[in-house]
Amino acid sequence: MRIPFVAGNWKMHKTVAEAVKYVKELRGLVKDVDGVEVVVSPPFTALHAAAEAARNSNVGIAAQDLHWEREGAFTGEVSGAMIREAGAEYVVVGHSERRTLFGETDATVNRKVAAACAAGLTPLVCIGETLDQRERQETFDVLDRQIRQGLDGLTGERIAQLVVAYEPVWAIGTGRNATPAQAAETHGHIRKRLRQWFGPDAAELCHVIYGGSVKPDNIADLVSQPDVDGALVGGASLDVRGFLEIVTRSRRAV
Ligand code: 13P
């Protein structure tokens, strides 16, 4: 049985002080909230302090990216081992902003996913089509390629522990979320491919969460769809009370 998984992606928001204040407040607010996994992803600068603030609580910490090498001459990059040592347990990989603004490809996503697993981190692997691709009816082809290439070489056991975030690019930061029916259809397709390519056990355990303009007032309809196992929340996660609403409304046996 998959427990709903809700992660706040802060993107390039919050200083160290702001991150610590948020996490301290959130850990108190969710201390008696069960039936949902709660994660926030601060920028690298606040990762360690946020992880310290979240220690021994229900709040997990994710980095927003990683490099695939352990160490080396890669100015500006941060490795999985460094992230793990800073106290995070999760890492976002292949977010569409990284793909479109920073040249990330399915090949680099694949290397990063492998590196994250090797470092003991759980990857949150982002996939999703652009508006053009959806209008040309290429959504499933795009997702198939992103899944096949991005997760190439992973065992079924790895897939079982993974979080796949379906984030249609046209829904990110636009206020235009996928409808519950669109999410259900697409998540169903993703689950079908995971089953075909990695086996029924892996597909059954892997979390497939939705991202793109998730808000307190649309989360319940989204997670009521059979294959929607939670959410990756951008803008609406920046306010701790709003994020708490999304967390509590995500609870259900999925
Ligand atoms: P918004 O929730 O701001 O649309 O962002 C979604 C997202 O990109 C989460 O990773």
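The values are calculated or read from the model by the stated rules, or taken from the named source; none is laboratory data. Everything numeric in this text was worked out from a predicted model, so none of it was measured. FYI the Cβ positions are ideal-geometry reconstructions off the backbone, even for glycines, and counts take in every protein chain you see. The accessibility values were calculated without ligands, DNA or RNA, using every heavy atom of the protein model including side chains. Shrake-Rupley method; radii C 1.70, N 1.55, O 1.52, S 1.80 Å.
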Residue list for the range 89-107, filter: away from the ligand (no atom under 16 Å from the Cβ) and open to solvent by less than 30 Å² (accessible area, probe 1.4 Å): ASP106
Where ASP217 falls short, out of the listed (1) of a type outside the set (Val, Ile, Thr); (2) surrounded by fewer than 20 Cβ atoms within 10 Å (Cβ to Cβ); (3) assigned to a helix (DSSP H, G or I): (3)
Top-ranked residue in the range 177-196 [being assigned to a loop (DSSP other than H, G, I, E, B) and open to solvent by 40 Å² or more (accessible area, probe 1.4 Å); ranked as nearest to the ligand (Cβ to nearest atom)]: ASN177
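Checking the condition away from the ligand (no atom under 16 Å from the Cβ) and of a type in the set (Gly, Ala, Ser), which residue from GLY173, GLY211, GLY156, GLY235 passes?
So the residue among GLY173, GLY211, GLY156, GLY235 that is away from the ligand (no atom under 16 Å from the Cβ) and of a type in the set (Gly, Ala, Ser) is GLY156.
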Pairs where the first residue, in the range 115-126, is open to solvent by 30 Å² or more (accessible area, probe 1.4 Å) and the second is in a strand (DSSP E or B), C-beta under 6 Å, 6+ apart: THR122/TYR90
Sole exception among (1) without any contact (Cβ under 8 Å) to a residue 40 or more places away in the chain; (2) surrounded by fewer than 18 Cβ atoms within 10 Å (Cβ to Cβ); (3) among the basic types (Lys, Arg) for ARG252, by number: (1)
Matching helices (runs of 4 or more DSSP H) fully within the range 103-176 where at least 2 residues are within 21 Å of GLU69 (Cβ to Cβ) and in contact with a Gly (Cβ under 9 Å, 6 or more places away or on another chain): 106-118
Meets criteria (open to solvent by less than 20 Å² (accessible area, probe 1.4 Å) and either within 15 Å of the ligand (Cβ to nearest atom) or more than 15 Å from the chain's Cα centre (by Cα) (or both)) for PRO168: yes
ALA115 more than 28 Å from PHE243 (Cα to Cα) and either of a type in the set (S, T, N, Q) or at pLDDT 95 or above (or both): yes
Every residue from the range 214-232 that is more than 15 Å from the ligand (Cβ to nearest atom) and free of Cβ contacts under 8 Å to residues at least 40 places away in the same chain: ALA220
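Conditions (1) more than 22 Å from ILE172 (Cβ to Cβ); (2) surrounded by 15 or more Cβ atoms within 10 Å (Cβ to Cβ), marked per residue:
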{"site": "TRP10", "(1), (2)": "no, yes"}
{"site": "LEU29", "(1), (2)": "yes, yes"}
{"site": "ASP32", "(1), (2)": "yes, no"}
{"site": "ALA53", "(1), (2)": "yes, yes"}
{"site": "HIS67", "(1), (2)": "yes, yes"}
{"site": "GLY72", "(1), (2)": "yes, no"}
{"site": "ARG84", "(1), (2)": "yes, yes"}
Complete set of residues in the range 3-34 that are free of Cβ contacts under 8 Å to residues at least 60 places away in the same chain and closer than 20 Å to ALA46 by Cα: MET12, THR15, VAL16, ALA17, GLU18, ALA19, VAL20, LYS21, VAL23, LYS24, ARG27, GLY28
GLY199 vs. criteria of a type in the set (Gly, Ala, Ser) and buried (at least 21 other Cβ atoms within 10 Å of the Cβ): no
Residues that are surrounded by 24 or more Cβ atoms within 10 Å (Cβ to Cβ) and either in contact with a Cys (Cβ under 7 Å, 6 or more places away or on another chain) or hydrophobic (A, V, I, L, M, F, W, C) (or both), drawn from the range 223-242: VAL223, VAL228, ALA231, LEU232, VAL233
